[in-house]
Amino acid sequence: MMDMMNRIKQLKEEKNAVILAHYYVDADVQAAADFIGDSFYLAKKAAETDADKIVFAGVEFMGESAKILNPTKHVYMPDAHADCPMAHMVTIEKIKEMREKYDDLAVVCYINSTAEIKTYSDVCVTSSNAVKIVNKLPNKNIFFIPDQNLGSYVATQVEGKNIILNNGFCPRHHIMTKEDVLNAKKKHPDALVAVHPECKPEVLEEADYIGSTSGIIDYIVGNDAKEFIVGTVDGVYATILNQAPDKKLYNVVRTQVCPNMKLNSLEKIINVLETGENEVFLDEEFMNKAKAPLERMLELAK
Ligand code: 13P
Ligand code: SF4
């Protein structure tokens, strides 16, 4: 492994490349990254970097967003098949139908969506800024796509808005139930519950804390309590335990893995740096259209 780390370091210098990694990838991949974070942090880093090449250890929508925000850079995905199923869970027809129905509609697009869906949207959000951004929009009617769970969480946090939900979901988070949380609480009665807003409302109701991956990490690391039931993908455990090795972390369900994020590996990072394979290419006109909602997010999240 040390050999691979050294090779990555050498290639990064040679190619003037930067590695961005989401908290959900494996710990060894996180360790090779220049920046590790949640979706919002990584989108900002992608927009700001002056490196020539960005290797994005995440899933497709993250690589696409990096390319759209910084189009002169070369962006590479370690695995061309690392995609997020939720990114495809809304149709253009549905968006058009809603626009016809409501005059003042704002289409608010969770960043976990394809570049094409972004071109039909007014503003992007991530789980860490969705409430803030929806609150700032002048529109009463909001079509929140694709995630029904983040959308319904936002609806509980804003006033005077009509949040119209779409039926998308993250398979990893949507599978957790209230009963699973109650069972975990029975096994670990002293543990606090921290969950991601991609979980169902019935799960959020049982939580002591609801937030993005970096929100969950900060909550646990900064908390005096020692035990936590964690309702998100277990990639976050590596960062938490690096910063606070004495914490005890428990799953809500037996397996909390995102198989798409898991496709990233050190070998594949070396391969794309050496060969230039799996570069993200998008049509220029298409990128210009998808850039507007992403830039509006960066502006409104300030
Ligand atoms: P955040 O990075 O905003 O916490 O979202 C988690 C996620 O599912 C990314 O795919
Ligand atoms: Fe998509 Fe869920 Fe994986 Fe995040 S955890 S990338 S939302 S499938």
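Couple of notes before you dig in:
- Of the residues Val257, Ile164, His174, the one whose Cα sits farthest towards the positive end of the charge dipole of segment 164-261 is Val257 (charges of +1 on Lys and Arg Cβ, -1 on Asp and Glu Cβ, taken about the Cα centre).
- A Cβ-based charge dipole, computed about the Cα centre of the chain with Lys and Arg at +1 and Asp and Glu at -1, lands at about 500 debye.
- The residue among Ala194, Leu273, Tyr120 whose Cα reaches farthest toward the positive pole of the charge dipole of the chain, with charges on the beta-carbon of Lys, Arg, Asp and Glu, is Ala194.
- Cα-Cα over 26 Å, subset of Lys12/Lys226; Lys15/Lys45; Lys44/Lys118; Lys53/Lys247; Lys73/Lys200; Lys44/Lys94: Lys12/Lys226; Lys53/Lys247; Lys73/Lys200; Lys44/Lys94
- Only Lys, Arg, Asp and Glu carry charge here, each on its Cβ (+1 for the first two, -1 for the last two); on that basis segment 104-230 has a dipole of about 140 debye about its Cα centre.
- Three-way shape call for the chain based on the alpha-carbon gyration tensor, with the a/c threshold at 1.5: oblate
- Cβ-placed point charges (K, R +1; D, E -1), dipole of segment 1-159 about Cα centre in debye, nearest 20: 300 debye
- Whole-Å distance, taken between Cα centres, linking segment 283-301 and segment 23-55: 19 Å
- Highest-MSF residue in the chain out of Arg172, Arg99, Arg254 [GNM, Cα springs under 10 Å]: Arg254
- Pair Phe286, Glu299: separation of 7 Å Cα→Cβ label points (nm): 2.5 nm
- Summing charges over neighbours of Ala57, with a neighbour being any other residue whose Cβ is under 10 Å away from its Cβ, gives -1 when K and R count +1 and D and E count -1.
- Of the residues Ala130, Ala244, Ala33, the one that moves most in a GNM of the chain with alpha-carbon contacts below 10 Å is Ala244.
- Reducing segment 95-160 and segment 184-230 to their Cα centroids gives an inter-centroid distance of 25 Å.
- Shape class for segment 5-86: oblate, because the ratio a/c of the largest to smallest gyration tensor axis (alpha-carbon atoms, square roots of eigenvalues) is 1.5 or more and b/c is at least a/b.
- Top of Asn112, Asn183, Asn166 by mean-square fluctuation, Gaussian network on the chain, Cα under 10 Å: Asn183
- 5 angstrom amide H check on Gly168, placed H, neighbours 5+ away: Gln148
- Mean ellipticity per residue at 222 nm, deg cm²/dmol - from DSSP H runs of n ≥ 4 across the chain, formula -39500 (n - 2.57): -12500 deg cm²/dmol
- 13 Å beta-carbon shell around Gln30, net charge (K/R +1, D/E -1): -4
- Between amide H atoms placed 1.01 Å from N, distances below 5 Å from Gln256 occur with Asp234, all of them 5 or more places distant or on a separate chain.
- With a cut-off of 12 Å between beta carbons, the residues surrounding Val90 carry a summed charge of -1, where Lys and Arg count +1 and Asp and Glu -1.
Bear in mind that the values in this text are calculations on the coordinates, not laboratory data. Quantities reported herein were computed from a predicted structural model and do not represent experimental measurements. For neighbour counting, all protein chains shown are included, and Cβ atoms are generated from backbone atoms with ideal geometry for every residue, glycine included.
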